[in-house]
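The values are calculated or read from the model by the stated rules, or taken from the named source; none is laboratory data. The shown structure was predicted, so the numbers you read here are calculated from the model rather than taken from an experiment. Because the Cβ atoms are built from the backbone with ideal geometry, glycine has one as well, and the counts that use them run over all protein chains shown. Protein only, heavy atoms only, side chains kept; ligands, DNA and RNA dropped before computing areas. Shrake-Rupley method; radii C 1.70, N 1.55, O 1.52, S 1.80 Å.
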Amino acid sequence: MLDYPIQLNTLEFKAVVNELVVDCDEVVETGTFQGNGSTKIFAETGKYVITMECNFNNYQIASQNLRQYQNVVPFHALSLKRDYLLKFLLNEKFDLNTNYDSPYPKTFYMREIGDNVLFENGLNLFCNNDRKQLIFLDSAGGVGYAEFLQVMSFNQEFLKNKILILDDIQHIKHIRSVATLLEKGYEVSVSQENRFAWCRLNK
Ligand SMILES: C[S@@+](CC[C@H](N)C(=O)[O-])C[C@H]1O[C@@H](n2cnc3c(N)ncnc32)[C@H](O)[C@@H]1O
């Protein structure tokens with residue numbers, strides 16, 4: 001198993017974010033956790049930050065941790081529709097030679113997305129448009145690829161205005177997302193320890 005901390009707040013991540021965010025209107029994040037990792041780095045850019053967290057306890061802690069950042073709105077929300085996510089997990093084979101979070105990943109990830117939320121399908125709500133956005137996908141391991149596929153299904157003209165950052169690229173979360181980007185001919189940059197990757201979708 002990988003032994004990364006859950007929070008992504010390394011100096012390298014901060015430098016990459018600060019470089020990429022310059023031309024963006026806002027940052028949209030899936031997976032706030034408790035707000036003291038990636039979200040804080042986005043918050044400190046001064047750009048608008050929209051972040052979604054499906055676990056109510058994490059959402060409440062994140063709201064406290066982020067309260068001084070007026071440019072940030074944490075939502076208790078699901079990135080995609082719950083029934084879509086559950087079907088995706090039901091049919092997921094979990095047979096790739098990669099990292100999972102549990103010996104029973106299907107039920108583990110189904111539990112992770114189980115809380116009642118304020119709204120579902122947040123990625124479609126916030127990102128299916130032509131706005132210039134930095135989109136950071138960092139939610140449940142088992143649904144990272146589903147989120148990636150959703151973003152890539154948006155109109156090609158919209159994608160030209162999006163920059164994607166993917167966390168956990170040696171993990172079920174995004175190992176296939178990076179492979180798919182490379183297959184499609186996108187240029188993908190990878191962090192020093194092969195933990196996260198970024199890609200401008202304006203090819
Ligand atoms: C790896 S943690 C995020 C870490 C955070 N980005 C950081 O750097 O501190 C993943 C979080 O995503 C939440 N989550 C899982 N699936 C989700 C979904 N479909 N939509 C929104 N949040 C989700 C989990 O409850 C968990 O808190």
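Side notes on the structure shown:
- Residues that are polar (S, T, N, Q) and either out of contact with any helix residue (DSSP H, G or I) (no Cβ under 7 Å at 6 or more places or on another chain) or within 13 Å of the ligand (Cβ to nearest atom) (or both), drawn from the range 1-48: Gln7, Asn9, Thr10, Asn18, Thr30, Thr32, Gln34, Asn36, Ser38, Thr39
- Applying the condition of being of a type in the set (Val, Ile, Thr) and within 17 Å of Arg195 (Cβ to Cβ) to the range 115-171 and asking which residue is most open to solvent (accessible area, probe 1.4 Å) yields Ile169.
- Checked against (1) over 20 Å from Phe158 (Cβ atoms); (2) out of contact with any Lys or Arg (no Cβ under 9 Å at 6 or more places or on another chain), Ile41 passes all but a single condition, namely (2).
- Subset of the range 93-129 [more than 14 Å from the ligand (Cβ to nearest atom) and in contact (Cβ under 8 Å) with a residue 40 or more places away in the chain]: Phe94, Leu96, Thr98
- Every pair of residues 6+ apart whose Cβ atoms lie under 8 Å, when the first sits in the range 77-91 and is of a type in the set (Lys, Arg) while the second is assigned to a helix (DSSP H, G or I) and open to solvent by 10 Å² or more (accessible area, probe 1.4 Å): none
- Elements of type helices (runs of 4 or more DSSP H) in the range 1-71, at least 3 residues being open to solvent by 60 Å² or more (accessible area, probe 1.4 Å): 11-20, 56-65
- Entry remark, the range 157-188: residues being within 16 Å of the ligand (Cβ to nearest atom), part of a loop (DSSP other than H, G, I, E, B) and either without any contact (Cβ under 8 Å) to a residue 60 or more places away in the chain or of a type in the set (Asp, Glu) (or both) number 4 in total.
- Asn71, sole failed condition from (1) more than 10 Å from the ligand (Cβ to nearest atom); (2) of a type in the set (S, T, N, Q); (3) over 19 Å from Cys127 (Cβ atoms): (3)
- Qualifying residue in the range 121-135 (condition: more than 19 Å from Val27 (Cβ to Cβ) and at pLDDT 95 or above): no
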